[in-house]
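J.: Dropping a structure here in structure tokens format, bear with me for questions.
The values are calculated or read from the model by the stated rules, or taken from the named source; none is laboratory data. All of these numbers come straight from a predicted model, not from anything done at the bench. Note that each Cβ is placed from the backbone with ideal geometry, even for glycine, and that neighbours are counted across all protein chains shown. When the accessible area is computed, the model is the full protein with side chains, heavy atoms only, and any ligands, DNA or RNA have been set aside. Shrake-Rupley method; radii C 1.70, N 1.55, O 1.52, S 1.80 Å.
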Amino acid sequence: MVREFAGKMERAISGAENIVIVGHFNPDGDSVGSVTGMYYYLKELGKKAVVVLPSSYPEYLSFLDKDRDYLIFTKNPEKVAQAIEESDLIIGLDFNNLGRTEGVKNLFAASSAQKILIDHHPNPERSSFDLICSTVDTSSTCELLFYVLMETALVDNDIEKMPYRSAEGLATGMLTDTNNFKNSSIASTYNMASLLLKRGVSLDDLGKRVFGSYSESRMRLMGEMLRNQMVVLEDLNAAYMVLSKKIQEEYNYLQGDSEGFVNLPLLIEGVEVSALFTESDEFIRVSLRSQGGVSVNALSNRFFNGGGHERASGGRLFIPVDEVPAYFEKSLREFLDK
Ligand code: 5GP
Ligand code: MN
């Protein structure tokens, strides 16, 4: 599947003059990592390419945008519009529907460029793309793209020929989507890790950079959330935390500071569903995780205006922050039929 797709993708790339690579809103490691992997591959080919992200990335991923040339739609909508208008090929990465590109969605949909999607979410929106490489049987979009690039003529299954910055980007998303090999890692993930090490990418250094570079206030915020904000609902085998604006102000909250917090309650014996609610100006951002059988993708589809993966999903709520606990409990009770 990957080899056949790689050939078709290479033909599309060789026929294109202006390529735009698009990530998703609120980009995480897999999003910024995969656009980086693709960008430096295209650069190595001598292609003209532009990276577009619908919103900015957290500081801990800024090392991937070394030249600070990724276009952020929320900061620079005119440049993004121009890049998309001029493009004859658009490559979407790590999202399964155009809605995930938020403000970029209309530009993307209106463009007559050829459109490619590489992604690992269930049920991709096939009608929006000309060529799709999609499977849920991979750890991350970065892993899927890694094996696609391995099949290209440039790399030709020789890891030494993969551009270093591509390898570094792809390693980042593989690490973040597996939470440092703690979930979703399969045999091909470890094979990729082995090849990346051969290429000279230090997974230890990357892991330290991505998971272990807390500011003091972030570390104290984590303590606050666990000590005072986490609520365990024993009969539902669930736990949740609400990160209100008040707490954000108290701990000088910056984008990305709560990354990974939602995974923590799953360390408690018996907890199978975890939720983190983060208040923002426009809505409450929802983050859901599960272990065992509960589909948080379905839970989010039904109650939280979002979706994602079976065991990791997100969404939005448009209710006052103090109504969140009761809404979560009621929704989960209904969903689990308890
Ligand atoms: P996170 O909790 O890390 O923000 O998101 C976990 C996963 O849920 C992401 O990798 C993405 O697949 C999905 N996701 C997050 N937010 C949304 C959303 O608003 N809508 C949809 N459809 N998926 C989301
Ligand atoms: Mn992903």
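Listed here are the residues, each with its yes/no results for (1) within 14 Å of ligand 2 (Cβ to nearest atom); (2) closer than 29 Å to residue 83 by Cβ; (3) outside the structural domain of residue 91 (by TED's automatic domain parsing); (4) not β-branched (Val, Ile, Thr).
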position	(1), (2), (3), (4)
113	no, yes, no, yes
126	no, yes, no, yes
140	yes, yes, no, yes
143	yes, yes, no, yes
149	no, yes, no, yes
162	no, yes, no, yes
166	no, yes, no, yes
184	yes, no, no, yes
189	yes, no, no, no
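J.: Of a type in the set (Phe, Trp, Tyr) and touching a Phe, Trp or Tyr at 6+ places or on another chain (Cβ under 9 Å): does that describe residue 253?
T.: no
J.: Kindly indicate which of 148, 155, 80, 104 is surrounded by 17 or more Cβ atoms within 10 Å (Cβ to Cβ), more than 15 Å from the chain's Cα centre (by Cα) and within 16 Å of ligand 1 (Cβ to nearest atom).
T.: Of the residues listed, the single one that is surrounded by 17 or more Cβ atoms within 10 Å (Cβ to Cβ), more than 15 Å from the chain's Cα centre (by Cα) and within 16 Å of ligand 1 (Cβ to nearest atom) is 104.
J.: Is it fair to say residue 35 is open to solvent by 10 Å² or more (accessible area, probe 1.4 Å), in contact with a strand residue (DSSP E or B) (Cβ under 7 Å, 6 or more places away or on another chain) and of a type in the set (A, V, I, L, M)?
T.: no
J.: Looking at 295, 274, which is the one that is open to solvent by less than 40 Å² (accessible area, probe 1.4 Å), within 11 Å of ligand 1 (Cβ to nearest atom), of a type in the set (Ser, Thr, Tyr) and not assigned by TED's automatic domain parsing to the domain that holds residue 28?
T.: It is 274.
J.: Return yes when residue 36 is of a type in the set (Ser, Thr, Tyr), in the same structural domain as residue 177 (by TED's automatic domain parsing) and more than 16 Å from ligand 1 (Cβ to nearest atom) and no when it is not.
T.: So residue 36 passes the test.
J.: Let me ask something else. Identify the residue in region 280-292 that is more than 20 Å from the chain's Cα centre (by Cα) and on the phi < 0 side of the Ramachandran plot and, among all such residues, is surrounded by the most Cβ atoms within 10 Å (Cβ to Cβ).
T.: 282
J.: Also, quick follow-up: List the strands (runs of 3 or more DSSP E) that sit entirely inside region 247-333 and contain at least 2 residues that are under 17 Å from residue 228 (Cα atoms).
T.: Here the list reads 273-279.
J.: I would also like to ask the following. Condition (residue is more than 25 Å from residue 285 (Cα to Cα), free of Cβ contacts under 8 Å to residues at least 60 places away in the same chain and assigned to a helix (DSSP H, G or I)) applied to region 84-105: is it met by at least one residue?
T.: Checked against the condition, which is being more than 25 Å from residue 285 (Cα to Cα), free of Cβ contacts under 8 Å to residues at least 60 places away in the same chain and assigned to a helix (DSSP H, G or I), region 84-105 yields at least one hit.
J.: Same structure again: Give the number of residues within region 217-232 that are of a type outside the set (D, E, K, R), open to solvent by 20 Å² or more (accessible area, probe 1.4 Å) and closer than 24 Å to residue 270 by Cα.
T.: Within region 217-232, residues that are of a type outside the set (D, E, K, R), open to solvent by 20 Å² or more (accessible area, probe 1.4 Å) and closer than 24 Å to residue 270 by Cα number 8.
J.: Which residues, counting only those in region 228-262, are under 22 Å from the mean Cα position of the chain (by Cα) and of a type in the set (A, V, I, L, M, F, W, C)?
T.: If the condition is that a residue be under 22 Å from the mean Cα position of the chain (by Cα) and of a type in the set (A, V, I, L, M, F, W, C), then 241, 242, 243, 254, 261, 262 are the ones that fit.
J.: Right, here's the next one. Go through 155, 136 for me and flag whichever is in contact with a His (Cβ under 7 Å, 6 or more places away or on another chain), in a loop (DSSP other than H, G, I, E, B) and hydrophobic (A, V, I, L, M, F, W, C).
T.: Among 155, 136, only 136 is in contact with a His (Cβ under 7 Å, 6 or more places away or on another chain), in a loop (DSSP other than H, G, I, E, B) and hydrophobic (A, V, I, L, M, F, W, C).
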